[in-house]
Amino acid sequence: MQIRSAEFKCSNTRTEKLPPPVLPEYAFIGRSNVGKSSLINMLTNKKGLAKTSQTPGKTQLINHFLINENWYIVDLPGYGYAKVSRKSREEWERFIRYYLKNRENLQCVFVLIDSRLEPQKADLDFCFWLGEHGIPFVLTFTKADKQSKVKTLQNVNGFKKAFLEYFEEVPQYFVTSSENQEGRDDVLAFINDVNGRFEIS
């Protein structure tokens, strides 16, 4: 897939104000500081499209980016650590989970995992919640350039082993790097394939 255009469309905390559900959407979410904005910018080949920050928890809205005028990347607030009040975190979780459970044109959730880390309970718990609610998702391991391929593989295999304690099988996964564009073609090919089967319900 070639990315011809990528533009920011809107930010919301109210799901009723989201764009009409007539185009396929792909939600990107992960623990705070997992490299989500950098990954979105790498996939779209548009530096600065999604705002990157050194401050965990910076994304606090549902951000829609229209790609090639026919599908959306949806940037969701991260889960886990963030320097915000407990009340704010609970509000985020409420509207994020409502979006994930009820957005009829949501095709898949990309759950971002830091490839440098051993399995994290927050990631496993979130995947379990998605599976429990029948929400399609894939795993996307980030920051693969920050260590050796051997170490990345060790951590990916560790996550897969922990994952199988919850599930019968590991979902499709991608290993990515925003620095060297590793995994870009694979992710976009996956989205292109799903787009080809999209029908408005």
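The values are calculated or read from the model by the stated rules, or taken from the named source; none is laboratory data. This one's a predicted model, so the numbers in the text were calculated from it and none came from an experiment. Because the Cβ atoms are built from the backbone with ideal geometry, glycine has one as well, and the counts that use them run over all protein chains shown. Accessible surface is based on the protein model in full, side chains and every heavy atom, while ligands, DNA and RNA are left aside. Shrake-Rupley method; radii C 1.70, N 1.55, O 1.52, S 1.80 Å.
Just to confirm, what accessible area per residue do you get for the chain at 1.4 Å probe, in whole Å²?
53
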Query raised in the report: What is the Cα convex hull volume of the range 1-43 when expressed per residue in Å³?
Result: 113
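How far, in nm, would the chain grow between Tyr166 and Glu69 when pulled straight, counting 0.36 nm per residue and subtracting the alpha carbon separation? Don't jump to the answer; show the numbers that get you there.
Numbers: separation 97, 0.36 × 97 = 34.92 nm, distance 3.76 nm.
Length difference between fully extended and current span is 31.2 nm.
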Query - Fraction of antiparallel bridges per DSSP, the chain only, in percent to nearest 5 - result: 35
Query raised in the report: What's the FRET efficiency of Ala189 with Glu90 using the Cβ-Cβ distance as r and R₀ = 25 Å, to the nearest 0.05?
Result: 0.10
Query raised in the report: What is the distance, in nm, between label points placed 7 Å from the Cα along the Cα-to-Cβ direction at His133 and at Glu7?
Result: 3.1
Report summary line: Rounded to a whole %, the carbon-and-sulfur portion of the accessible area of the range 112-185 at a 1.4 Å probe is 48
Requested in this report: Determine the dipole magnitude for the chain: charges of +1 sit on the beta-carbon of Lys and Arg, -1 on that of Asp and Glu, nothing else is charged, the reference point is the Cα centre, and the result goes in debye to the nearest 20.
Outcome: 820
Report task. Distance check, please: which entries in Lys36/Lys151; Lys121/Lys151; Lys17/Lys46 exceed 28 angstrom between their Cα atoms? Result -> none
Report summary line: Set Lys9/Lys149; Lys47/Lys143; Lys47/Lys146, cut-off 25 Å on Cα-Cα distance; pairs above it are Lys9/Lys149
Query raised in the report: Taking the Cα atoms of the chain alone, what are Rg (to one decimal) and Dmax (as a whole number) in Å?
Result: 15.9, 45
Report task. Quick one: among Gln147, Gln60, Gln107, which has the greatest mean-square fluctuation in a GNM of the chain with alpha-carbon springs under 10 angstrom? Result -> Gln147
